Amino acid sequence: MAKIKKGDLVQVISGATQERGGDRGKQGRVIEVLVEKNRVIVEGVNFVTKHVRVGQTQRGTKTGGIETHEASIHISNVAVVDPKTKKPTRVGFRTETAEKNGVSKTVRVRYAKKSGENL
């Protein structure tokens with residue numbers, strides 16, 4: 001089970017501060033997790049400009065120009081936000097027994113280590 005998943009609310013915990021033009025302290029949802037590269041793409045964090053070649057669509061409208069979108073950030077530079085305190089926390093795992101239709105089953109659950117709340 002992964003510590004950071006798509007859809008998690010995370011906070012950037014390293015890099016330049018926002019006063020210096022960086023992203024440290026910003027919070028956003030995880031758009032994509034790149035497991036092989038140990039990187040995540042976070043909504044509203046690490047914007048880069050990309051120059052796209054001008055072309056035409058089938059209707060004749062122009063495409064291309066300068067676009068901005070989110071680039072990936074290393075997974076060690078973000079931390080999951082605790083749902084109770086709204087501050088970054090580490091993630092732990094514990095086994096719980098869930099009962100469904102009279103059948104008990106043990107499942108691994110992620111939880112925030114600061115408050116103990118399930119994620």
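Each value in this text was obtained by applying a stated rule to the coordinates, not by laboratory testing. Given the structure is predicted, the values throughout are model-derived calculations rather than measurements. So basically every Cβ, Gly included, is an ideal-geometry build from the backbone, and we count neighbours across all protein chains shown.
Would you pick out the residues in the range 65-119 that are hydroxyl-bearing (Ser, Thr, Tyr) and within 20 Å of Leu9 (Cβ to Cβ)? Outline the logic, then answer.
Our first condition is that a residue be hydroxyl-bearing (Ser, Thr, Tyr); within the range 65-119, this holds for 68, 72, 76, 85, 89, 95, 97, 104, 106, 111, 115.
Residues satisfying the conditions are Ser72, Ser76, Thr85, Thr89, Tyr111, Ser115.
Quickly run through the range 5-19 and pick out the residues that are of a type outside the set (S, T, N, Q), in contact with a strand residue (DSSP E or B) (Cβ under 6 Å, 6 or more places away or on another chain) and surrounded by 14 or more Cβ atoms within 10 Å (Cβ to Cβ). Listed by number, the residues that qualify are Asp8, Leu9, Val10, Val12, Gly15.
For (1) surrounded by 10 or more Cβ atoms within 10 Å (Cβ to Cβ); (2) in contact (Cβ under 8 Å) with a residue 60 or more places away in the chain; (3) more than 15 Å from the chain's Cα centre (by Cα); (4) in a strand (DSSP E or B), each residue gets a yes or a no:
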site: Val45; (1), (2), (3), (4): yes, no, no, no
site: Arg59; (1), (2), (3), (4): no, no, yes, no
site: Glu67; (1), (2), (3), (4): yes, no, yes, yes
site: Lys105; (1), (2), (3), (4): no, no, yes, yes
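Against the definition (surrounded by fewer than 10 Cβ atoms within 10 Å (Cβ to Cβ) and either of a type outside the set (A, V, I, L, M, F, W, C) or assigned to a strand (DSSP E or B) (or both)), how does Thr63 come out, yes or no? Criteria not met by Thr63.
How many of the residues in the range 69-89 are farther than 22 Å from Thr17 by Cβ and either touching a residue at least 24 places away in the same chain (Cβ under 8 Å) or not in a strand (DSSP E or B) (or both)? Give the steps one after another, and end with the answer.
Our first condition is that a residue be farther than 22 Å from Thr17 by Cβ; within the range 69-89, this holds for 69, 83-84.
From the residues that got through so far, the ones that are either touching a residue at least 24 places away in the same chain (Cβ under 8 Å) or not in a strand (DSSP E or B) (or both) too are 83-84.
Looking only at that region, the number is 2.
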